[in-house]
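Here is the structure we will look at, set down as structure tokens.
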Amino acid sequence: MVNKYFYRALALREFYFSGKLSTTDLSDRMGKSIPHVMKVIDDLLSDGSIVESGYAPSSGGRRPVTYAIRQDAMYVLSVAMDQVFTRIALLDMGNRPVAPVRELELPLSNNPEAIIQLKDTIKEVVAEAGIPRERIVGAGIGMPGFVDFENGINYSFTFSGSKTITEYLTDELGMPVYIDNDSSLIALAELHFGAARDKKNVTVINIGWGIGLGMILNGELFRGHDGFAGEFSHIPVFNNNKLCSCGKSGCLETEASLLVVIEKAINGLRSGRLSTLGADFSTGHSQADWEAIVKAAHRGDRFVVELLSQTAYDIGKAVAILIHLMNPQSVVLSGRGTTAGKVWEAPVQQALNEHTIPRLAANTQLAISTLGYQAELIGAVALVMENRVKEYKLNQKRYAHLHETRNITIYENYQMGVIAAGRTNAAGFFSVNLPVYEGPCGIQSATIWERSNLFRPAGRTTLQ
Ligand SMILES: [Zn+2]
């Protein structure tokens, strides 16, 4: 039996992604009857998770009331990592940070302790934000590299300990943790909140220290067989004999990443190119250097505009390959690089004009992200909102095979609710009868969070 906690999570997900919804809209999205959905709405209204939000536009009859999720109904811990820098933010249901975004230098290469530093900083951020712990429903983390999103493993970086990244962080932080590739999260953000919204087939290019790709096919993020789809940075498009970080040469990333832009700018200045790039450039810190380049681009610095145009053109050549393969409705340029703005657009379009068959590209629009550097943080929230529903369903399946009971006070994944029916005792504790697995198949062990009066895990019981 799927219980009401699942439908609450499902309805909240729909409100989070869609903004305002009427009862009919929600019924369509949840695939449940109007009376069922009205019950869920009443429940969410009564505990303040959603609020009435005016009337929907008239479609002839009486205008229906719409509802929206309360921005402070819950929060998600959002982490956006790249090879060197990590941002940590606590976002509300309007994707707005509720405390200053913490930024730290955290190199991932040859740094197995990075995960410990990440965990410590996340704990600090949560403590400083002053948001009650039970209101934070999970953590979403975007990281570069080959990320196995299902199993919580990053194959590109080694971290200390025997647990997977998600096991370790879930245990340490006491909340569900999900990881995904940074470009996938950026595509997820564009799909739900940005330039790819309401579109079915979109390629999202993540212009960063490398060039990433997120593919939206039929309205969903496409991850590939092992979850590694979209390694755009390493397609061989140049005959430049430049060694790439992957060990090969001629990869897109060898000419067209932001690191290369910085390097070319340094070399250009050395060889006497005129530019307004000043003392804030060539600091040895890629982040500061990139910001200096963005400022120069916004002032119309000719040298910088030329450099970015060349890079954009090179990216466009590679995008032409994608258009031939995928025939997308839209190509969205997103990620850190798009802070430089419009300067990307014309050269990419020029490359597309030169390198794609007109028939194929005729209806493909080129768009620059409006989410920009925030995209990955927003995508991490979307990841959590997606998965708390999926996980709940998964647990329902897992525990459907259980039989025999013993008394224990449990809840699972915080606001997702309990996994078995129970009752509230006089002290306000929720107690349930936990079915214990005994058969030869099904789950071998489960981690059960015991609920204390502080609404956090008081202890754990592992079923063997
Ligand atoms: Zn490469």
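The values are calculated or read from the model by the stated rules, or taken from the named source; none is laboratory data. Being a predicted model, the structure only gives us computed values, none of them experimental. Quick reminder, even Gly has a Cβ in these numbers, built from the backbone with ideal geometry, and neighbours come from all protein chains shown.
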* **Filtered residue count, segment 174-185, keeping only those that are crowded, with 19+ Cβ neighbours inside 10 Å and over 15 Å from the mean Cα position of the chain (by Cα)** => 1
* With respect to the numbered conditions (1) on the phi > 0 side of the Ramachandran plot; (2) within 16 Å of the ligand (Cβ to nearest atom); (3) of a type in the set (S, T, N, Q); (4) modelled with pLDDT of 90 or more, which one is the sole condition not fulfilled by N327? -> (2)
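Rundown of residues vs (1) among the aliphatic types (A, V, I, L, M); (2) on the phi > 0 side of the Ramachandran plot; (3) crowded, with 21+ Cβ neighbours inside 10 Å, yes/no style:
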residue: V101; (1), (2), (3): yes, no, no
residue: G130; (1), (2), (3): no, yes, no
residue: R133; (1), (2), (3): no, no, no
residue: M143; (1), (2), (3): yes, no, yes
* Asked: For segment 194-249, which residues satisfy the criterion of being aromatic (F, W, Y), part of a loop (DSSP other than H, G, I, E, B) and either away from the ligand (no atom under 16 Å from the Cβ) or farther than 19 Å from Y373 by Cβ (or both)?
  -> F228, F238
* **segment 256-275 - residue that is more than 16 Å from the ligand (Cβ to nearest atom) and part of a loop (DSSP other than H, G, I, E, B) and, of those, nearest to L333 (Cα to Cα)** => S275
* Structure fact -> The condition of being acidic (D, E) and assigned to a loop (DSSP other than H, G, I, E, B) holds, among D120, D72, only for D72
* Structure fact -> Within segment 153-170, the residues that are of a type in the set (S, T, N, Q) and either more than 16 Å from the chain's Cα centre (by Cα) or assigned to a helix (DSSP H, G or I) (or both) are S156, T158, S160, S162, T164, T166, T170
* For segment 239-262, does any single residue satisfy the condition of being among the acidic types (D, E) and touching a His at 6+ places or on another chain (Cβ under 8 Å)? -> yes
* Do we have any residue at all in segment 287-307 that's within 16 Å of the ligand (Cβ to nearest atom), over 29 Å from D148 (Cα atoms) and surrounded by fewer than 18 Cβ atoms within 10 Å (Cβ to Cβ)? -> no
* Filter segment 321-347 for residues that are of a type in the set (A, V, I, L, M, F, W, C) and more than 24 Å from G219 (Cβ to Cβ); which is surrounded by the fewest Cβ atoms within 10 Å (Cβ to Cβ)? -> A346
* Subset of segment 265-296 (residues that are farther than 23 Å from D82 by Cα and either within 28 Å of the chain's Cα centre (by Cα) or of a type in the set (G, A, S) (or both)) -> G268, S271, G272, S275, G278, A279, A296
* To do: Sort out which residues of segment 123-152 are part of a helix (DSSP H, G or I) and either in contact with a Lys or Arg (Cβ under 9 Å, 6 or more places away or on another chain) or not assigned by TED's automatic domain parsing to the domain that holds I179 (or both), and write them in order of number.
  => E124, V125, V126, E128, R133, E134
* To do: Tell me which of these E253 doesn't satisfy, since it passes every other one: (1) of a type in the set (D, E, K, R); (2) within 15 Å of the ligand (Cβ to nearest atom); (3) surrounded by fewer than 20 Cβ atoms within 10 Å (Cβ to Cβ).
  => (3)
* To do: Being outside any helix (DSSP H, G or I), over 22 Å from M385 (Cα atoms), touching a residue at least 24 places away in the same chain (Cβ under 8 Å) and aliphatic (A, V, I, L, M) narrows it down to one of L108, L77, so name that one.
  => L108
* **Checklist (1) over 18 Å from F17 (Cβ atoms); (2) more than 16 Å from the ligand (Cβ to nearest atom) applied to I186, failing item** => (1)
* To do: Run T170 past the list (1) in contact (Cβ under 8 Å) with a residue 24 or more places away in the chain; (2) surrounded by 15 or more Cβ atoms within 10 Å (Cβ to Cβ) and report the number of the one that doesn't hold.
  => (1)
* Do any helices (runs of 4 or more DSSP H) entirely within segment 1-68 hold 3 or more residues that are surrounded by fewer than 13 Cβ atoms within 10 Å (Cβ to Cβ), and if so, which? -> 34-46
* To do: Could you check how many residues of segment 111-131 are closer than 22 Å to A99 by Cα and touching a strand residue (DSSP E or B) at 6+ places or on another chain (Cβ under 9 Å)?
  => 10
* For segment 13-33, how many residues are at pLDDT 95 or above and among the aliphatic types (A, V, I, L, M)? -> 2
